[in-house]
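Enquirer: To start, I am sharing the structure in question, which I have written as C-alpha cells.
The values are calculated or read from the model by the stated rules, or taken from the named source; none is laboratory data. Keep in mind that this is a model prediction, so the values were computed, not measured. Reconstructed Cβ throughout: ideal geometry from the backbone, glycine too, with neighbour counts over all protein chains shown. These accessible areas exclude ligands, DNA and RNA; they are computed on the full protein's heavy atoms, side chains included. Shrake-Rupley method; radii C 1.70, N 1.55, O 1.52, S 1.80 Å.
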Amino acid sequence: MKKAAVPSILIAVVLLALGVIAEAQQPKKVPRIGYLTTLPTALDSNRRQEIRRALQELGYVEEQNISTLYRSAEGDTARLPGLAAELVKLKVDVLVVAGGFGPIRAAADATKTIPIIMTGSGLDPVEAGFVDSLARPGGNITGFTNIAGHLGGKRLELLKEAVPKVARVAILFEAKNPRNMFEFKEVLPASARALGLTLLRAEVRGAADFERAFAAINNDRPDGLSVLGGPLMQRSQERTTAFAMKSRLPSVYDERAPVDAGGLLYYGADVMESYQRVAAFVDKILKGRKPADLPVEQPTKFDLVINLKTAKQIGLTIPQSMLYRADKVIK
C-alpha cells in the first residue's frame with residue numbers, strides 16, 4: 001500500500017507544480033478603459049494626456065496594467081451612439097465620457113451595467129436625468145460636472161468689468177445644444193438685467209449658418225460677444241475668434257481653447273483639475289467601488305484667462321486690477 005501511494009503522491013505533486021507554472025504563465029487581465037468624446041482629437045489631446053499622467057501617479061501604466069481605447073466623434077454628435085456601442089461591444093471595464101450632454105447620453109443608452117464616468121458636462125446631471133442625486137447617483141453613472149452652463153452670468157460680469165461701456169452683448173450659441181438653450185433662457189437674462197445689458201440672440205444650427213449669424217451680429221452693432229461652447233463651436237473656434245477680431249468685438253467664452261486661439265476672455269472650471277479627478281474615479285471603480293455610491297463632484301478651482309495680445313489688437317485696455325486676478329495672461 002505504501003509503495004503504491006508513493007507514485008500517486010509524486011504524480012499529484014507534479015500536476016500541482018505544473019498547474020502553478022501554467023497559472024503563472026497566464027497573462028493577467030489588463031483593465032480596459034473606454035474613452036468617448038465629442039471633441040476633435042487635436043483639441044482633446046492635452047486632456048487625454050492629463051488623465052494618463054494622473055493615472056500614472058496612481059500606479060497605472062498604459063499597456064502594462066491598464067489599456068485605453070479612444071473614440072472621438074470629431075465634433076460630429078451623430079457618430080456618438082455608434083462609437084458608444086462599439087466600446088460596449090469591446091467589453092471595456094469603465095467608460096470615461098468627455099464633452100457634455102451628447103456623449104453621456106450616448107453612453108447611458110448603450111449600457112446600464114458598465115460604469116460610466118462623466119466629465120465636462122455643463123448641464124446639471126440631475127436635471128438631465130443622468131443621476132438620481134449628486135450625493136448618491138444611484139445607477140451606473142458618476143463623475144465630474146463642470147457646471148459651465150451656470151456660469152454665464154459671471155462671464156457677462158467679467159466682460160462688463162473688462163469693457164465698462166458695454167451695453168449690448170450678442171450671444172452666439174447652437175440652437176440644438178441643450179446646455180446652450182438652458183444658459184440662454186434660464187441663466188443669462190437675470191444676469192443681464194442686473195448688469196444693465198441687452199442680449200442679442202445669434203443662433204446657429206450647423207456650419208453653414210455662421211456667416212449669416214456673423215452678418216446679423218454686425219447689423220445689430222453690439223459692444224461685446226459671448227460664445228457658448230459645444231461641439232459645433234469647438235469645430236468652428238477659428239471662425240468665431242477671427243470674426244470677433246475682425247469686428248473688434250471683446251469676446252468671452254465658456255471654453256478655454258478659443259481664448260488660446262485669439263478670443264479675449266475665458267472663465268470656467270480648471271479643465272485640467274477635472275481630468276485629474278477623473279483618474280481618481282477610475283481607480284476607485286477598478287478597485288471595486290460602485291458608481292451608484294460615488295458622489296458626483298463639482299469644481300473647486302476656476303480659471304480666469306485673459307488674452308492681452310488680443311486686447312491690444314482690438315484697441316482695448318484691460319483694467320490692471322483684473323489682470324492681477326487672472327490665472328493666466330496671454331501676452
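Enquirer: Tell me the relative contact order for the stretch 108-177 as a rounded percent, counting alpha carbon contacts under 8 Å between residues six or more apart.
Expert: Relative contact order, the stretch 108-177: 30 percent.
Enquirer: Next up: Which of the lysines could a cross-linker span from K309 if the Cα-Cα distance has to be under 16 Å and same-chain partners fewer than 8 positions apart are dropped?
Expert: Those lysines meeting the cut-off are K246, K328, K331.
Enquirer: Compute the relative contact order of the stretch 165-285 as a whole-number percentage, counting only Cα pairs closer than 8 Å that sit 6 or more residues apart in sequence.
Expert: So the answer I get is 24 percent.
Enquirer: Would you pull out the residues with amide H under 5 Å of V94's amide H, same chain only if 5 or more places away, H placed 1.01 Å from N?
Expert: Distant-sequence amide H within range of V94: R32, G34.
Enquirer: Next up: Can you run phi through the Karplus equation (6.51, -1.76, 1.60; θ = phi - 60°) for the stretch 135-140 and list ³J(HN,Hα) in whole Hz, with x for Gly and Pro?
Expert: 6, 9, x, x, x, 9
Enquirer: Still on this structure: What does the highest-first list of 140-150, 294-304 look like by mean Cβ count within 10 Å?
Expert: For the peptides 140-150, 294-304, the packing ranking is 140-150, 294-304.
Enquirer: If you don't mind, there's one more thing I want to ask. Hey, any idea what % of the chain's accessible area is carbon plus sulfur with a 1.4 Å probe?
Expert: After summing per-atom areas, the C and S share lands at 54 percent.
Enquirer: Sorted by mean Cβ packing within 10 Å, highest first, what order do the peptides 91-97, 325-331 take? All intermediate terms of the calculation are to be shown ahead of the outcome.
Expert: On the way: 91-97: 22.1, 325-331: 13.9.
By packing density, highest mean first, the sequence is 91-97, 325-331.
Enquirer: Sum up the charges of everything whose Cβ sits under 12 Å from the Cβ of G143, counting Lys and Arg as +1 and Asp and Glu as -1, but leave G143 out.
Expert: So the environment of G143 carries a net charge of +1.
Enquirer: Once semi-axes √(5λ) of the Cα gyration tensor in Å is worked out from the coordinates, which option in [x] 41, 26, 14; [y] 50, 19, 17; [z] 29, 26, 18 does it equal?
Expert: Matching entry in [x] 41, 26, 14; [y] 50, 19, 17; [z] 29, 26, 18: [y].
Enquirer: Straight distance only, please: which aspartates and glutamates reach the Cα of K91 with their own Cα at less than 17 Å, same-chain residues fewer than 8 apart left out?
Expert: Within the straight-line limit of under 17 Å, K91 reaches these aspartates and glutamates: E63, D109.
Enquirer: Near K176, which lysines are there with a Cα under 20 Å away, not counting those fewer than 8 places off in the same chain?
Expert: Straight-distance partners of K176: K185.
Enquirer: For the stretch 252-307, just say rounded, prolate or oblate: build the C-alpha gyration tensor, square-root its eigenvalues into a ≥ b ≥ c, call rounded for a/c under 1.5, and beyond that prolate if a/b exceeds b/c, oblate if not.
Expert: Cα axes put the stretch 252-307 in the prolate bin.
Enquirer: Just want the answer: with Cβ charges of +1 for Lys and Arg and -1 for Asp and Glu, which residue in N219, F173, P189 is farthest toward the dipole's positive end in the stretch 154-219?
Expert: Of N219, F173, P189, it is P189.
Enquirer: Taking θ as phi - 60°, what are the ³J(HN,Hα) couplings along the stretch 219-231 by the Karplus curve (6.51, -1.76, 1.60), each to the nearest whole Hz, with x for Gly and Pro?
Expert: 5, 6, 6, x, 9, x, 9, 10, 10, 8, x, x, x
Enquirer: Please give the per residue accessible area of the chain, computed with a probe of 1.4 Å over protein heavy atoms only, in Å².
Expert: Normalised by residue count, the accessible surface of the chain is 48 Å².
Enquirer: Counting only other residues whose beta carbon sits under 12 Å from that of L58, what net charge do I get with K and R as +1, D and E as -1? Before the final figure, lay out each step's value.
Expert: Numbers: positive: R52, R53, R277, K284, K287; negative: E57, D283.
Neighbourhood net charge equals +3.
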